[in-house]
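The values are calculated or read from the model by the stated rules, or taken from the named source; none is laboratory data. Please read all numbers here as calculations on a predicted model, not as lab measurements. Every residue, glycine among them, receives a Cβ derived from its backbone with ideal geometry; neighbour counts consider all protein chains shown.
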């Protein structure tokens, strides 16, 4: 069973172990240092080791203990339901990868076993099982008695924990089997381009780390997941095993917020926010690639389907990402059309409405346009960084302070024109 398959079968409330979690305050570091010393004393007392660790191995041991302890304490402080699932598989832990930190190593199971020992009690652990007589379940951990006591004694909060800076932010995904497949992370060798992309994302992350952001949790409905406004780490994900495909930014607490919560609860500095969206971005980029002027009307307004714009948009994008004609409605789109609307008829209507770009349907060009889209967003963010205007990306949109909306719109439009050669569209959405 692969990591992805196991995660799909895990309880919905459980989340994966975050091996990048670190202590950032002095009091959190003190708790971690104490745990390391106690575990080393435990090893000596029970003669778990015959010799002192080499310096490199000692560093890995300390980072592993730190990641486990910090993540279970952080999880407890967020009051999230469920536990943390973690692998004990030697096959998985022995796999070298640029996406894996030192904390995921073959010694992890032995360290977990020490941390659950009654004398230590830093974590509580529930062993996973295969799905022979029901759903499989991966091993889970949570804060044990000693970790909970240290949280109380040192008055720890989520502000005392952060994420390591060396986490890989440039992700390469495998080719998709179809439009609905997500692909898997794959290894790659660095090139001047990937080095540049990594530096750009790290510059943006460093900028957002120091931004004055706040979120009013009181606006969340009961039962909604905890929001950590310090969770600002972005990753750039490339697709189709190519670095000129995809490239969107993922991550940051604001991307997980519902739109109503962004407007009602999120503030940049002392201002409420607005959201600026690029309109009809994918088809407009293709018109620019073909040096064709797009129609003046809404590109998602198709004769015969005037009342089904949202469905047309999703079908059209599916046609641009797919490499073969669609034989069914994209997932979740059926309800956007009438019962007698067949996918073939919808696709023919879209092709007839866009003869200038119809040759690009079913060619997979959507992955290429998404790369251009991501380059536009990266360039826009870097320009706004120079202007000292904080902007939070959500794929083809930006969340910005309300007072900056006109400046941001101007930058977005000029950057779009520079990349595509045609005029873009940017809409502004405000809270009530």
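Just the residues that are touching a residue at least 24 places away in the same chain (Cβ under 8 Å) and exposed (fewer than 14 other Cβ atoms within 10 Å of the Cβ), please, taken from the stretch 87-97. Outline the logic, then answer.
Quick first cut of the stretch 87-97, residues touching a residue at least 24 places away in the same chain (Cβ under 8 Å) only: 87-88, 92, 97.
Answer for the stretch 87-97, where residues must be touching a residue at least 24 places away in the same chain (Cβ under 8 Å) and exposed (fewer than 14 other Cβ atoms within 10 Å of the Cβ): just 97.
For the stretch 331-341, which residues satisfy the criterion of being assigned to a loop (DSSP other than H, G, I, E, B) and either at pLDDT 95 or above or within 16 Å of residue 309 (Cβ to Cβ) (or both)?
Within the stretch 331-341, the subset assigned to a loop (DSSP other than H, G, I, E, B) is 331-333, 337-341.
Within the stretch 331-341, 332, 333, 337, 338, 341 qualify.
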Among the residues of the stretch 39-86, how many are under 25 Å from residue 150 (Cβ atoms), under 34 Å from the mean Cα position of the chain (by Cα) and without any contact (Cβ under 8 Å) to a residue 12 or more places away in the chain?
-> 1
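Does residue 204 satisfy the condition of being at pLDDT 95 or above and in contact with a strand residue (DSSP E or B) (Cβ under 8 Å, 6 or more places away or on another chain)?
Details: at pLDDT 95 or above: yes; in contact with a strand residue (DSSP E or B) (Cβ under 8 Å, 6 or more places away or on another chain): yes.
Considered against the rule, which asks whether it is at pLDDT 95 or above and in contact with a strand residue (DSSP E or B) (Cβ under 8 Å, 6 or more places away or on another chain), residue 204 comes out as yes.
Matching residues to (1) surrounded by 21 or more Cβ atoms within 10 Å (Cβ to Cβ); (2) over 22 Å from residue 388 (Cα atoms); (3) touching a helix residue (DSSP H, G or I) at 6+ places or on another chain (Cβ under 9 Å); (4) modelled with pLDDT under 95:
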{"position": "226", "(1), (2), (3), (4)": "no, yes, yes, yes"}
{"position": "240", "(1), (2), (3), (4)": "no, yes, yes, yes"}
{"position": "253", "(1), (2), (3), (4)": "no, no, no, yes"}
{"position": "261", "(1), (2), (3), (4)": "no, yes, yes, yes"}
{"position": "266", "(1), (2), (3), (4)": "yes, no, yes, yes"}
Do we find that residue 158 is under 21 Å from residue 38 (Cα atoms), touching a residue at least 24 places away in the same chain (Cβ under 8 Å) and not assigned by TED's automatic domain parsing to the domain that holds residue 232 in this structure?
-> no
Exactly one condition in (1) farther than 30 Å from residue 400 by Cβ; (2) touching a helix residue (DSSP H, G or I) at 6+ places or on another chain (Cβ under 6 Å); (3) assigned by TED's automatic domain parsing to the domain that holds residue 389 is not met by residue 304; state its number.
-> (3)
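Kindly provide the set of residues from the stretch 78-94 that are out of contact with any strand residue (DSSP E or B) (no Cβ under 6 Å at 6 or more places or on another chain) and either in a loop (DSSP other than H, G, I, E, B) or modelled with pLDDT of 95 or more (or both), ordered by number. Write out each step before concluding.
Taking the stretch 78-94 and keeping what is out of contact with any strand residue (DSSP E or B) (no Cβ under 6 Å at 6 or more places or on another chain), we get 78-82, 87-94.
Matches in the stretch 78-94: 79, 80, 81, 82, 87, 88, 89, 94.
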Output the residues belonging to the stretch 11-57 that are out of contact with any strand residue (DSSP E or B) (no Cβ under 9 Å at 6 or more places or on another chain), outside any helix (DSSP H, G or I) and exposed (fewer than 15 other Cβ atoms within 10 Å of the Cβ).
-> 12, 13, 46, 47, 48, 49, 50, 51, 52, 54
Do we have any residue at all in the stretch 320-330 that's surrounded by fewer than 19 Cβ atoms within 10 Å (Cβ to Cβ), more than 19 Å from residue 360 (Cβ to Cβ) and at pLDDT below 95?
-> yes
Looking at (1) in contact (Cβ under 8 Å) with a residue 24 or more places away in the chain; (2) part of a loop (DSSP other than H, G, I, E, B), which is the only condition residue 190 fails?
-> (1)
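Residue check: is residue 120 in contact with a strand residue (DSSP E or B) (Cβ under 6 Å, 6 or more places away or on another chain), more than 30 Å from residue 217 (Cβ to Cβ) and surrounded by 15 or more Cβ atoms within 10 Å (Cβ to Cβ)? Write out each step before concluding.
Working: in contact with a strand residue (DSSP E or B) (Cβ under 6 Å, 6 or more places away or on another chain): no; more than 30 Å from residue 217 (Cβ to Cβ): yes; surrounded by 15 or more Cβ atoms within 10 Å (Cβ to Cβ): yes.
Against the criterion (in contact with a strand residue (DSSP E or B) (Cβ under 6 Å, 6 or more places away or on another chain), more than 30 Å from residue 217 (Cβ to Cβ) and surrounded by 15 or more Cβ atoms within 10 Å (Cβ to Cβ)), residue 120 does not qualify.
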